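To keep things clear, I will list the structure first and then write my remarks on it.
The values are calculated or read from the model by the stated rules, or taken from the named source; none is laboratory data. Keep in mind that this is a model prediction, so the values were computed, not measured. Please note: Cβ atoms are built from the backbone with ideal geometry, for glycine as well, and neighbour counts cover all protein chains shown. For accessibility, only protein heavy atoms count, side chains too; no ligands or nucleic acids. Shrake-Rupley method; radii C 1.70, N 1.55, O 1.52, S 1.80 Å.
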Amino acid sequence: MKVKQISIFLENKKGRLWKALNILRGAGINIRALYLADTSEFGILRLIVPDPELARKVLEENDFAVKMNEVIAVELEDKPGGLASILKILKDSQINLEYIYAFVHEKKDKAILFLKADDIDKTIKALQDSNAKILPAEEVYKL
Amino acid sequence: MIWNEEMECISRDDLEELQIRRLQDTVKRVYENVPYYKRKLEENNIYPEDIESLEDIKELPYTTKDDLREVYPFGMFATHRKDIIEVHTSSGTTGKPVVSGYTREDIEIWSEVMARGLTMMGVTEDDIIQNTHGYGLFTGGFGVHYGAQKIGATVIPISTGQTRRQIEIMKDFGTTVMIFTPSYGLYLSEVAEEEGHNPKKSQLKAIGFGAEMWTEEMRRELERRFNAPAFNIYGLTEIIGPGVAMECPEKDGLHIFEDHFYPEIINSKTGETLPPGKRGELVITTLTRIGMPIIRFRTKDITSINYDECSCGRTLARISRITGRVDDMLKVRGVSVFPSQVEKALLKVDGLQPHYQIIVTRPHLMDEMEVKVETSPEIFSDDIGEMMELQKKIEDYIRDEIGLRVKVTLVEPKTLPRSEGKAVRVIDKRKF
């Protein structure tokens, strides 16, 4: 149920994002989803990759500060209101989201939403109780 | 004009005779009254009666800032505490500050040397002096104040800050002499112009500045902006405060008041005494201080000394303007900062590696200090809010340590330069 995500600290400096991604390219790691959060001075790059352990290893070998954490992947209807319906479930269960990002699934009419919440187990339960479709990690890595 | 012609134009022979007498007296007093010095002299197997000529000063042990800290607060006093009528402390350094205690006689010496210096700048009893140096534990404000009062000039003890008020008073009171740090002076002139007051049209006849490193370019800029000559003031709390050495109109070095402060220039590594003209560390022995005499104080300031008679008529030796430090101390906005203080602050943050770099710039007249800190996997969080809080926390810790707000920038691990294990800790982009 929980999908491993790696977060990488990046300075807001020319070439840093490229350097991180180039290391992953060198290790033959393909990126499934990506989200870059930034402030005026630094950014945090969040990645979903098929082999998060390997990605962490190669990045750390190249002196990047990396954190491994867990997010939830939810399959959505790719239509107006799809995302809103999931957010309503979370709101009603009083769950605080740290951040979300979404991308369109290759499956027709589907999108995938990645959720980071402070209490991941409570979030999974709330989503399951409302019959939202949570994707298993293996399926996400294989996308 | 010369304030004290007898002393300031004394012949070298007469001066040396006075100096040796005063040195002998000082050594005797510290040996008898300051347990710390008694022990130190005994450890070095030197006794007051061994001082027979000025050359013998080389046999005396040095006094460092650490020595002064060790006896915090009053351990260096050579008189009863009740005879001390004023205390000051050195500014923002690691650990305990250095306390300087003054008897009534010491305040008189301080007033005398500052009166000599202000007279070099052309100050007379007709002048109105606006003293923007801080009044308080810092010696800057009071030193200027005492000297100006000795001369009989009118002092405006306005202290630092309130820039708009400074400008208004300067204009309304008809200030003729300004005392400030170079960077504050430049800032003041800018604000004055914004306020529609041209500092060039003021009645200023002289500017005294100190407490910061500066360049000849900066002096010329100040002189141009205020249309008045600017004079350098040197001093340090451990010795007395401002007034140890000051510039005469020749502006070719600062006359050190050798009848009160005995200067030596040494190679800071070997301790060898350097000949006139050679640059090295300035070491000062007080010759007349009563409350807190100091033997061979290592100032860590780099200068050279010149014993040639000056065209102004004074015979007192001149030191060149201070161009550097023996240690890694920085002066940022007039505040002393050691990289070790920054390191100490960083070590308070769990998981933070003390890999940092200090960058000092003067983007727009005022000094700015940035501290780059490497993140580590331990402190890195996926949460932006937490990372920004961390940045703020480091800034707060550094401010608690050095007394200045700095900008902290988090950088990626192992991106700060390391050279043979010893990192380049400080990049000072200001031009001195």
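Condition check ((1) open to solvent by less than 90 Å² (accessible area, probe 1.4 Å); (2) on the phi < 0 side of the Ramachandran plot; (3) in the same structural domain as A:R16 (by TED's automatic domain parsing); (4) out of contact with any Ser or Thr (no Cβ under 9 Å at 6 or more places or on another chain)) across all residues:
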{"position": "A:P80", "(1), (2), (3), (4)": "no, yes, no, yes"}
{"position": "A:L83", "(1), (2), (3), (4)": "yes, yes, no, yes"}
{"position": "A:A117", "(1), (2), (3), (4)": "yes, yes, no, no"}
{"position": "A:I120", "(1), (2), (3), (4)": "yes, yes, no, yes"}
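For the range B:265-306, what are the residues that are charged (D, E, K, R), part of a strand (DSSP E or B) and open to solvent by 10 Å² or more (accessible area, probe 1.4 Å)?
At the first step, the residues of the range B:265-306 found to be charged (D, E, K, R) are B:269, B:272, B:278-279, B:281, B:289, B:296, B:298, B:300-301.
Then drop every residue that is not part of a strand (DSSP E or B), which leaves B:281, B:298, B:300-301.
If the condition is that a residue be charged (D, E, K, R), part of a strand (DSSP E or B) and open to solvent by 10 Å² or more (accessible area, probe 1.4 Å), then B:R298, B:K300, B:D301 are the ones that fit.
Of the residues A:R32, A:R46, A:R56, A:R25, only one is open to solvent by less than 40 Å² (accessible area, probe 1.4 Å) and not polar (S, T, N, Q); which? It would help to see each step written out before you state the result.
Numbers: A:R32 fails: open to solvent by less than 40 Å² (accessible area, probe 1.4 Å); A:R56 fails: open to solvent by less than 40 Å² (accessible area, probe 1.4 Å); A:R25 fails: open to solvent by less than 40 Å² (accessible area, probe 1.4 Å).
On inspection, the qualifying residue turns out to be A:R46.
Condition check ((1) more than 26 Å from the chain's Cα centre (by Cα); (2) of a type in the set (V, I, T); (3) assigned to a loop (DSSP other than H, G, I, E, B)) across all residues:
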{"site": "B:P354", "(1), (2), (3)": "yes, no, yes"}
{"site": "B:D400", "(1), (2), (3)": "no, no, no"}
{"site": "B:L404", "(1), (2), (3)": "no, no, yes"}
{"site": "B:V408", "(1), (2), (3)": "yes, yes, no"}
{"site": "B:R430", "(1), (2), (3)": "no, no, yes"}
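Which numbered condition in (1) out of contact with any helix residue (DSSP H, G or I) (no Cβ under 6 Å at 6 or more places or on another chain); (2) away from chain A (no Cβ under 14 Å); (3) modelled with pLDDT of 90 or more; (4) in a loop (DSSP other than H, G, I, E, B) is the only one that B:D396 fails?
Of (1) out of contact with any helix residue (DSSP H, G or I) (no Cβ under 6 Å at 6 or more places or on another chain); (2) away from chain A (no Cβ under 14 Å); (3) modelled with pLDDT of 90 or more; (4) in a loop (DSSP other than H, G, I, E, B), only one is false for B:D396: (4).
Identify the residue in the range B:335-352 that is among the small types (G, A, S) and not in a strand (DSSP E or B) and, among all such residues, is nearest to B:K414 (Cα to Cα).
First pass over the range B:335-352, keeping only residues among the small types (G, A, S): B:336, B:340, B:345, B:351.
Going one step further and asking which of them are not in a strand (DSSP E or B), we end up with B:340, B:345, B:351.
On the way: B:S340: 20, B:A345: 20, B:G351: 15 Å.
So the residue we want is B:G351.
Just to be sure before I move on: is B:I379 among the aliphatic types (A, V, I, L, M) and modelled with pLDDT of 95 or more in the structure I sent? Quick ask: steps written out before the conclusion?
Working: among the aliphatic types (A, V, I, L, M): yes; modelled with pLDDT of 95 or more: no.
No; evaluated as a whole, the condition is false for this residue.
Here are some residues: A:A111, A:A102. Which one is away from chain B (no Cβ under 14 Å), under 28 Å from B:S381 (Cα atoms) and open to solvent by less than 20 Å² (accessible area, probe 1.4 Å)?
Values: A:A102 fails: open to solvent by less than 20 Å² (accessible area, probe 1.4 Å).
Result of the check over A:A111, A:A102: A:A111.
All but one of (1) within 23 Å of B:K429 (Cα to Cα); (2) among the small types (G, A, S); (3) within 14 Å of another protein chain (Cβ to nearest Cβ) hold for B:G324; which doesn't?
Among (1) within 23 Å of B:K429 (Cα to Cα); (2) among the small types (G, A, S); (3) within 14 Å of another protein chain (Cβ to nearest Cβ), the lone unmet condition for B:G324 is (3).
Could you tell me which of the residues B:L347, B:L410, B:L404, B:L365 is of a type outside the set (S, T, Y), over 27 Å from B:P97 (Cα atoms) and more than 9 Å from every other protein chain (Cβ to nearest Cβ)? Full working, then the answer.
On the way: B:L347 fails: over 27 Å from B:P97 (Cα atoms); B:L410 fails: more than 9 Å from every other protein chain (Cβ to nearest Cβ); B:L404 fails: over 27 Å from B:P97 (Cα atoms).
Criteria check complete, one pass: B:L365.
Pick out, from the range B:45-151, the helices (runs of 4 or more DSSP H) lying fully within it that include 3 or more residues that are among the hydrophobic types (A, V, I, L, M, F, W, C) and modelled with pLDDT of 95 or more.
Numbers: elements: B:65-70, B:104-120, B:139-151.
Ranges flagged: B:104-120, B:139-151.
Which residue pairs have Cβ atoms closer than 6 Å, lie 6 or more positions apart in sequence or on different chains, and pair a first residue in the range B:1-17 that is at pLDDT below 95 with a second residue that is in a helix (DSSP H, G or I)?
B:M1/B:T119
State whether the residues of the range B:186-199 include one that is in contact with a strand residue (DSSP E or B) (Cβ under 7 Å, 6 or more places away or on another chain), part of a loop (DSSP other than H, G, I, E, B) and surrounded by 20 or more Cβ atoms within 10 Å (Cβ to Cβ). Step through it out loud before you land on a result.
So in the range B:186-199, the residues in contact with a strand residue (DSSP E or B) (Cβ under 7 Å, 6 or more places away or on another chain) come out as B:187-188.
Pick out the ones that are also part of a loop (DSSP other than H, G, I, E, B) and you get none.
Within the range B:186-199, not a single residue is in contact with a strand residue (DSSP E or B) (Cβ under 7 Å, 6 or more places away or on another chain), part of a loop (DSSP other than H, G, I, E, B) and surrounded by 20 or more Cβ atoms within 10 Å (Cβ to Cβ).
Any idea which residue in the range A:114-128 is farthest from the other protein chains (Cβ to nearest Cβ), counting only those that are outside any strand (DSSP E or B) and touching a residue at least 40 places away in the same chain (Cβ under 8 Å)? Even if it seems obvious, please write down each step before you answer.
Of the range A:114-128, the ones outside any strand (DSSP E or B) are A:118-128.
Then drop every residue that is not touching a residue at least 40 places away in the same chain (Cβ under 8 Å), which leaves A:120, A:123-124, A:127.
Working: A:I120: 13, A:T123: 16, A:I124: 18, A:L127: 21 Å.
It comes out as A:L127.
Out of (1) modelled with pLDDT of 80 or more; (2) open to solvent by 10 Å² or more (accessible area, probe 1.4 Å), what's the single condition that is false for B:P354?
For B:P354, the exception is condition (1).
Across the range B:357-392, what is the number of residues that are open to solvent by 20 Å² or more (accessible area, probe 1.4 Å), of a type in the set (A, V, I, L, M) and within 24 Å of B:K429 (Cβ to Cβ)?
Total satisfying the criteria: 2.
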